[in-house]
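Note sheet for the following structure.
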């Protein structure tokens, strides 16, 4: 369901991106500051936005294939940064296989099965399979790494599909797509606002041992900016009340930050800077979606808590 | 252009490249050391742990360059049947090389390779002689130095590949997707030293690249 509200919101998003382009070019020309990286980032960002728009607006199948693709790329990046035991090779295939299965379960709206498929069934199956390989050296470490990879890149990202299948009647303003728009734009904007205010005002480091660029000023600026954006945008594309939107703004800004820092901590643990070089100026896709890993499930469950969602199984 | 070349071009454009870049993924460091395929010949030397190595190395170049790149491979493994010979020559542009040489003079042994290099084409060679296990690099065989000796004007480019031993190790059946890392060193030219010493020099270069990778992992 594409309502007028959603259309206008999308147009506004593209206008905002091009405005940022203009501002960056302007700063480059007038202040002669070297922000070439900013331009590359914005270009990549525009590309990503286009991909998301086309995939989600076209139809349900493209949307789910797209979610599957990004989930796959994230999981692959995650697995590539960790040392792999040779005996576990085939178990990684099972982990990859859980992506299409998990998405199919969401596709047919068997929601209760989705809730437990990865946290319970894959949890049991991966352990079982790993025991069968008989290698106890580094057993728990590798088991834990695989479970964490599945939870963060498959389970969390499948929530995008889950938001997609929320019945449109719940949100008369813009339907499920409006909710998806809200969470995606808010998460990305939160990253951006935090980075921006952090660069301008940042003084007091928040967790210097993990991410030297993160400051209290950036974090608080992010929370305030995101909350304002949440109310303005949420009022237009979701049916949530102002109080709920304020609450969501604060929660999503804070946990977007923690999602980001968690992936940073993992990278630091394994001694790498970017998870890959897939997106010019951003690093890997996992580097870009890190905040979404926490915000998408949180948002869905907040929405499910405040609404009576009725999922009827079937395609 | 004959149909074999068209097939190879299409094979890389629609199957290998999407597979390598989207399904697997590659991080290259030292990409500016990669040779300009269209301009001159070169010898790419790499460690060898998996069949993926060749596809990976060839994918680093533009698809329009693919037809000028030839992996050198064991004749007894890749060209022991007519079907295999046809397949690998068509789709990979493979140059077979005898591993059991006996008393064959080296001009005859490396005839096809020399011809390719004279035609300003690039060859990929794995001096370990076979795929190794894990990520260890076995001692290099001197064949590559003999080729460099016969073609002293052709640059030798040492490359270290990390990752394909996880994707498809020797003897494995399933491909498991991981991102591979490729490190490219600056080119070296044959300096007139004995072949054994030159081989050692190349091997050390590859080892250095491997250490660079290990350092990055332990950072």
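Calculate the mean, over all residues of peptide A:268-280, of how many other protein chain Cβ atoms lie within 10 angstrom of the residue's Cβ.
3
Could you state the number of Å between the C-alpha centres of the stretch A:134-158 and the stretch A:243-315?
18 Å
Restricted to Cα positions, what overall size does the stretch B:1-145 have along the principal axes? Three whole-Å values, descending.
Taking max minus min along each principal axis of the Cα atoms, the stretch B:1-145 gives 45, 39, 31 Å.
Looking at the stretch A:98-143, I'd like the Rg to Rh ratio, where Rg is from alpha-carbon atoms and Rh is Kirkwood's inverse mean 1/r.
Radius of gyration relative to Kirkwood radius: 1.13.
Show that you can apply the helix-only estimate: for chain B, add -39,500 (n - 2.57) for every DSSP H stretch of four or more residues, divide by all residues, and state [θ] at 222 nm to the nearest 500. Can you show the working numbers first?
On the way: 9 runs with 80 residues, N = 219.
That comes out to -10500 deg cm²/dmol.
Taking the Cβ of each residue in B:65, B:165, A:4 as the centre, tally the other Cβ atoms inside 10 Å and list the residues starting with the fewest.
Final ranking by Cβ density, sparse to dense: A:4, B:65, B:165.
When a/c reaches 1.5 or more, the comparison of a/b and b/c decides; with that in mind, is the stretch A:103-208 rounded, prolate or oblate per its Cα gyration tensor?
It comes out oblate by the Cα gyration axes.
Take the Cα atoms of the stretch A:157-315, build their convex hull, and give its volume per residue in Å³.
With only Cα atoms used, the stretch A:157-315 gives 123 Å³ per residue.
Equivalent-ellipsoid semi-axes (√(5λ), Cα gyration tensor) for chain A, whole Å, largest first?
Whole-Å semi-axes of the equivalent ellipsoid: 31, 27, 17.
Would you mind ranking B:81, A:227 by Cβ crowding within 10 Å, fewest neighbours first?
So the ranking, lowest neighbour count to highest, is B:81, A:227.
Could you state the number of Å between the C-alpha centres of the stretch B:1-53 and the stretch A:179-209?
Between the Cα centres of the stretch A:179-209 and the stretch B:1-53 lies a distance of 39 Å.
Using Cβ contacts closer than 10 Å as the measure, can you line up A:53, A:187, A:262 from fewest to most? Mind dumping the intermediate values first?
Values: A:53 15, A:187 26, A:262 18.
Ranking A:53, A:187, A:262 by Cβ neighbours within 10 Å, fewest first, gives A:53, A:262, A:187.
For chain A, what is the mean residue ellipticity at 222 nm derived from helices alone (per DSSP H run of n ≥ 4: -39500 (n - 2.57); sum divided by total residues; nearest 500 deg cm²/dmol)?
Result for chain A: -24000 deg cm²/dmol, rounded to the nearest 500.
For the stretch A:88-132 and the stretch A:219-242, what is the separation of their Cα centres, given in Å?
35 Å
Is the protein assembly as shown best put as rounded, prolate or oblate by its Cα gyration tensor, with a ≥ b ≥ c the root eigenvalues, rounded for a/c under 1.5, and otherwise prolate when a/b is larger than b/c, oblate when not? Display every interim value, and only then the final one.
Working: a/c = 2.19, a/b = 1.87, b/c = 1.17.
Prolate.
Enter the mean number of other protein chain beta carbons within 10 Å of the beta carbon of each residue in A:77-89, as an integer.
Mean inter-chain Cβ contacts per residue within 10 Å come to 4.
In peptide B:20-30, what is the residue-averaged number of other protein chain Cβ atoms found within 10 Å of each Cβ? Intermediate results must be reported in sequence, preceding the final value.
On the way: counts 0, 1, 5, 3, 2, 10, 2, 8, 1, 1, 0.
Across the residues of B:20-30, the mean count of other-chain Cβ atoms within 10 Å is 3.
Just so you know, all these numbers are worked out from the coordinates, no wet-lab data involved. The shown structure was predicted, so the numbers you read here are calculated from the model rather than taken from an experiment. Positions of Cβ are generated from backbone atoms using ideal geometry, with glycine treated the same way; all protein chains shown enter the neighbour counts.
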